[in-house]
Amino acid sequence: MIRFPEALAALLLWCGGTFAAELILPSRALERTGEAHITLRLRTPATGQGTVHFLWTDSYGRVVDDRTIEVSLHDESEIGLALDMRRAVAMKNTLRATFSLKDRSEEAETELLASPPERDWSDYHIIMWQNHPAELWPKLKRLGIDGGQYNGKNKPPAPFLYPFNLRWYAENIATDFYAEYHRYRADRPVNWSWLQAKELLKQNPDSLEAFKRRPSLSDPVWRRKIHDRLVEAAKAHSPYRPFFYDLGDESGVADLASFWDFDFSDASLEGMRAWLRQRYGSLEALNRQWGSSFTAWERVMPDTTAQAMKRTGENYSSWADHKEWMDIAFAEALRMGVDAVRSVDPRAYVGIAGGQMPGWGGYDYARLCKVLTFIEPYDIGNNIEMIRSFAPDIPVVTTSFASGPRERHRVWYELLHGNRGLILWDDKADFVKKDGTTGARGAEVQPYYTELRGGLGALLIQSRRMSGPVAIHYSQASLRTRWMLRRRGEGERWINRTSKDERLDSEFLLRRESWCRLIEDLGLQYDFISYDALAQGGLIRQGYQVLILPDSNSLSAAEAASIRDFAERGGTVIEDGPAGIFDEHSRRLPEGRFANWSGRFTHIDGDIPHYCQARLMGQESGVLGAARRLFAGPLQANRFQAVSNGVQGAAGIELHTFRNGAATIAALHSNPQLRVDELGPPEFKSNARFEKPVPVTLRLPEEMRVYDVRRGAALGLKKEIPVTVDPYEPVILAAVPWAPSRPHLSAPGRIRRGDTFVLGISIESPLDANVFHLETVDPSGTAVEFLSGNVTGAMGRASRVIPLAHNDPAGTWEFRVRDILTGQTQVARTTVE
């Protein structure tokens, strides 16, 4: 008996009708490398000589492949087809196949996702946060914007980005876990949960309920729930290669970087006790440190802040260990999220957006930099300098909210400090208006966005930023101790402090800020060295000459031993405030760590904590002069020197150097005070002093060939280069010890439409990373976006696959290549038939 579906198929074939075949891909997404094999599966087996017409088109309207294949079948239902995936230039592609045999015809159609080839963050990306209407995105692309954001819990692809070949980052996948105390709610304040906790404390101040984080970062049920959600999000988004996965926006233990007594929940205390047991080894050792008398581990309970403030003897170990545990709990919760995503997408960038200043809320950057593979921080408290010191390979981007010359300065400033892109906040549609015309903000940024996207950003990202011989001690323990010493006399007033209060009312942060500006004004650079790296001998291993201890009041025995060893080997140690008078648990020592040491520390006379304010008023000369004398050795050894008025360095001018193979890139940029409106009285809230051009001479270690990278101009053999530093944009120079040649291009003189060739680029330029910008121009003189862009190679060699479409215009095509380091150009021409 013939079943109905088979009878219907037979009838359709007998009538000469078209029946649906099926195109089967090896996976839902294919890489743009080599050959991929797909299968055309017929509805029923066929026998005889037939043909398959195969058509491949993409979202640009290109005919990528168009061919007819003869096939010989013997009772077969599957026909193999090969795709040259190098020809894909768009994510969204459509494949169609038509099988014909005598009076029989079957058709199949499917969508092919060609995954973007970018895996490493090696270029500068500008990402729009707002989900603007689809018709505006081509215009946004022309401004230099190359991506957007899409909620990570939504099913991809992003409908307003995917058709335009734009990537996105997966936004806010687990904000309800990582940022419960500061997240968007349509009907209440973003910090509603935190306000509820405060209200709960007022109602019952003797209860710990207000100090139980809901959800706890240690809750195994929540952790499994978030883990599974992240795995599913990664499965959905990974084929589209998101820029990064955002675990949560403005995350933290409480509200941003606010101080609060989280977390006394059962899950958190259980985790803390296990950590304490591992750390101390025995209950007796913990009791000795804490000054407690617990009889069992399950009875161990840390002090609340109110209890710690009432302690005599200045032993805050119980309280401080709990605060350290919360840093660990936050970092480990983030590690779980990173691992969940990377279990699916192993090379993914995973992190948080809206990263806060170093301090409370879990923001111990020495720990965070060990677990995150991406971060978008607010540039507060020198956190960007900490990230690039602790983990220079982590991509960092910041968000642009403003416009005008100060914002232009900030974008360049962040790039020179290691940033790899921007997220744009555009709630008023100021880049492209709703009617499709370019807005004021769009017109303002287009020149420097296109410059950054045109290869300069890629060159700096792929060069190694050089830090100087100076290390600044990063001590989370000292921050905790200083906070307690400062706040203990205020009683319960700490309950009303906000994240902003912790930012604006902290001499500890101000002191670190001033040290950073002082070193930069000297014409030097620095790294932060974390407490654990210091304890493990990082000063000697990394070759530092100077260590700064900015209120490093709390030190472990291992940190102190490393400092003594460093000093005894000839290193300079600058003490700014008594160092090591508490241990790493915030317990005052009977004698400081250096009480019986025969060595000595160096000091700089003057008001260091307020240096960043004094320089705004032109009152920095005393401290800066003293620092010049103290740093004479590092200044003399500085290979590239910024000289002003006969001395190295100048207040408000920063020198950055980058190494790339045998080349050195030197950037001179104005260095005003970021977030100047937060520096106290009105007289300290103006950068007017730094808003004018400054003449500076860049002094090289020897005569070298120098190029103005931004202008693409050769300046000749130089040992000194006088320049004028603009208040807002940098001067970027490249110094090389060889004579670079113009690029040489290899391309066929004649080629047919539908063919593929490799454009070869070579230049005498021994760099670790050569960056070229390619502009492909069709016969009408139009630049072809998807065949243009930055091309990276090494040791002077690079290449780019050029797949011509079957419907590309015939005529003379030009391939214009510019070497970003030297500005030298070359053009190749090919006749397309």
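The values are calculated or read from the model by the stated rules, or taken from the named source; none is laboratory data. No experiment lies behind these values; they were computed from the predicted model shown. Heads up, the Cβs are rebuilt from the backbone with ideal geometry, glycines too, and the neighbour counts pull from every protein chain shown. We work out accessible area using only protein heavy atoms, side chains counted, and drop any ligands, DNA or RNA first. Shrake-Rupley method; radii C 1.70, N 1.55, O 1.52, S 1.80 Å.
Descriptive notes on the structure:
- Residue 756 vs. criteria within 30 Å of residue 702 (Cβ to Cβ) and hydroxyl-bearing (Ser, Thr, Tyr): no
- Residue list for segment 642-654, filter: touching a Leu at 6+ places or on another chain (Cβ under 6 Å) and open to solvent by less than 20 Å² (accessible area, probe 1.4 Å): 642, 649
- Here segment 58-78 is the region considered, the condition is being buried (at least 21 other Cβ atoms within 10 Å of the Cβ) and in contact with a Ser or Thr (Cβ under 8 Å, 6 or more places away or on another chain), and the residue that is nearest to residue 116 (Cα to Cα) is 58.
- Restricting the first member to segment 621-641 and to residues that are open to solvent by 40 Å² or more (accessible area, probe 1.4 Å), and the second to residues that are of a type in the set (Val, Ile, Thr), the beta-carbon pairs closer than 7 Å and six or more apart or on different chains are 628/647; 630/602; 630/604.
- Test for residue 522: is it open to solvent by less than 10 Å² (accessible area, probe 1.4 Å), farther than 17 Å from residue 477 by Cα, in contact with a Lys or Arg (Cβ under 7 Å, 6 or more places away or on another chain) and not basic (Lys, Arg): yes
- When residues of segment 528-566 are limited to those that are open to solvent by 10 Å² or more (accessible area, probe 1.4 Å) and under 16 Å from residue 634 (Cβ atoms), the one farthest from the chain's Cα centre (by Cα): 545
- Residue 201 more than 22 Å from residue 255 (Cα to Cα), crowded, with 16+ Cβ neighbours inside 10 Å and not hydroxyl-bearing (Ser, Thr, Tyr): no
- Residue, nearest to residue 566 (Cα to Cα), within segment 438-495, restricted to residues that are open to solvent by less than 20 Å² (accessible area, probe 1.4 Å) and polar (S, T, N, Q): 475
- Among the residues of segment 697-725, just one is open to solvent by less than 30 Å² (accessible area, probe 1.4 Å) and acidic (Asp, Glu), namely 708.
- Residues that are open to solvent by less than 20 Å² (accessible area, probe 1.4 Å) and not acidic (Asp, Glu) were ranked within segment 572-603; the one that is farthest from residue 513 (Cα to Cα) is 585.
This table checks each residue for (1) over 32 Å from the mean Cα position of the chain (by Cα); (2) under 23 Å from residue 650 (Cα atoms).
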position: 700; (1), (2): no, yes
position: 708; (1), (2): no, yes
position: 714; (1), (2): yes, no
position: 722; (1), (2): yes, yes
position: 733; (1), (2): no, yes
position: 751; (1), (2): yes, no
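- Candidates are the residues of segment 92-142 that are among the hydrophobic types (A, V, I, L, M, F, W, C) and part of a helix (DSSP H, G or I); the one that is nearest to residue 412 (Cα to Cα) is 140.
- Tally of residues being under 19 Å from residue 422 (Cβ atoms), open to solvent by 30 Å² or more (accessible area, probe 1.4 Å) and either in contact with a strand residue (DSSP E or B) (Cβ under 7 Å, 6 or more places away or on another chain) or polar (S, T, N, Q) (or both) across segment 389-405: 1
- Those residues of segment 100-142 which are open to solvent by less than 20 Å² (accessible area, probe 1.4 Å), farther than 30 Å from residue 660 by Cα and touching a Gly at 6+ places or on another chain (Cβ under 6 Å), in sequence order: 101, 128
- Index of the failed condition, residue 379 passing every other in (1) buried (at least 19 other Cβ atoms within 10 Å of the Cβ); (2) not in a loop (DSSP other than H, G, I, E, B): (2)
- Qualifying positions in segment 175-205 - outside any loop (DSSP other than H, G, I, E, B) and in contact with an Asp or Glu (Cβ under 8 Å, 6 or more places away or on another chain): 175, 193, 194, 200
- Residue 345, sole failed condition from (1) charged (D, E, K, R); (2) in contact (Cβ under 8 Å) with a residue 12 or more places away in the chain; (3) surrounded by fewer than 19 Cβ atoms within 10 Å (Cβ to Cβ): (3)
- Odd one out for residue 408, checked against (1) closer than 21 Å to residue 355 by Cβ; (2) of a type outside the set (Ser, Thr, Tyr); (3) open to solvent by 10 Å² or more (accessible area, probe 1.4 Å): (1)
- The set of residues from segment 149-198 being buried (at least 22 other Cβ atoms within 10 Å of the Cβ) and among the hydroxyl-bearing types (Ser, Thr, Tyr) comprises 150, 169, 175, 178, 181.
- Residues that are open to solvent by less than 40 Å² (accessible area, probe 1.4 Å) and of a type in the set (D, E, K, R), drawn from segment 264-315: 303, 314
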